[in-house]
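Visitor: Quick one: the structure is below, questions incoming.
The values are calculated or read from the model by the stated rules, or taken from the named source; none is laboratory data. On a predicted model such as this, the values are computed, not experimentally measured, just so you know. With ideal geometry, Cβ positions are generated from the backbone for all residues, glycine too; neighbour counts draw on all protein chains shown.
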Amino acid sequence: MGGHDAWRKDYNAQRHWAHEGRKDGRHSPAAVLGFYTGLLRYREEDLSKAFFSTRFSRVLDPLGYARFRDWRLYGEEALARREAAIWLQPGSLTVEYAGETLSAYDVELAAGTGKPRAVGRARLFETSYVLPQLRLFPLEEAGWLKALKMEGYASRRPRGPMALQEVLFPYLYAL
């Protein structure tokens with residue numbers, strides 16, 4: 001145990017003047033905060049319920065973009081074909097991979113629907129992921145589009161009933 005850890009343990013176990021007036025007999029910081037261990041653990045199900053409306057999963061395309069609600073947003077080219085998390089909050093949209101922020105955007109949401117109406121001011125973050133080959137142009141260049149407005153998805157045509165395949169050999173010939 002290091003010197004700081006020993007000091008902290010001793011300090012938390014000693015009587016403290018701020019707790020002298022307590023009637024429950026707890027006079028040290030450790031006794032007062034004994035129920036609190038410093039680690040908060042949450043179950044995965046609880047977290048997903050709490051954040052289901054703001055977190056979305058998307059797979060990055062070969063150029064490192066994610067398609068999200070009629071927008072194509074740059075994440076990281078070195079993570080092509082990997083699943084990234086998109087966090088949507090009022091005023092901001094963030095693309096993450098494994099807890100590391102890849103990019104962040106200012107976003108204006110449409111009233112009522114919660115869909116992004118306008119996406120702007122892209123901020124790209126340094127990551128530990130590198131491309132095997134260097135880029136020809138830097139990402140900070142003004143001509144490189146980080147957020148693109150796409151056409152909405154086309155509605156699918158209802159499929160008609162498929163024709164039944166005729167029997168290759170009638171039942172009587174098979175006997």
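Visitor: Is it the case that E83 is more than 19 Å from W144 (Cβ to Cβ) and assigned by TED's automatic domain parsing to the domain that holds P132?
Guide: On the way: more than 19 Å from W144 (Cβ to Cβ): yes; assigned by TED's automatic domain parsing to the domain that holds P132: yes.
Yes, satisfied.
Visitor: Could you tell me whether F51 is at pLDDT below 80 and assigned by TED's automatic domain parsing to the domain that holds A98?
Guide: Values: at pLDDT below 80: yes; assigned by TED's automatic domain parsing to the domain that holds A98: yes.
The answer is yes for F51.
Visitor: Write out, first by first residue and then by second, each pair whose Cβ atoms fall under 8 Å of each other, whose residues are 6+ apart or on separate chains, and whose first residue, in the stretch 63-92, is at positive phi while the second is among the basic types (K, R).
Guide: Close Cβ pairs (under 8 Å, with a partner that is among the basic types (K, R)) amount to R69/K115; D70/K115; D70/K149.
Visitor: With at pLDDT 65 or above, in the same structural domain as A66 (by TED's automatic domain parsing) and farther than 26 Å from Y105 by Cα as the only criterion, which of P138, P170, P158, P132 stands out? Before the answer, list the steps.
Guide: Values: P138 fails: farther than 26 Å from Y105 by Cα; P170 fails: in the same structural domain as A66 (by TED's automatic domain parsing); P158 fails: in the same structural domain as A66 (by TED's automatic domain parsing).
Result: P132 is the single residue among P138, P170, P158, P132 that is at pLDDT 65 or above, in the same structural domain as A66 (by TED's automatic domain parsing) and farther than 26 Å from Y105 by Cα.
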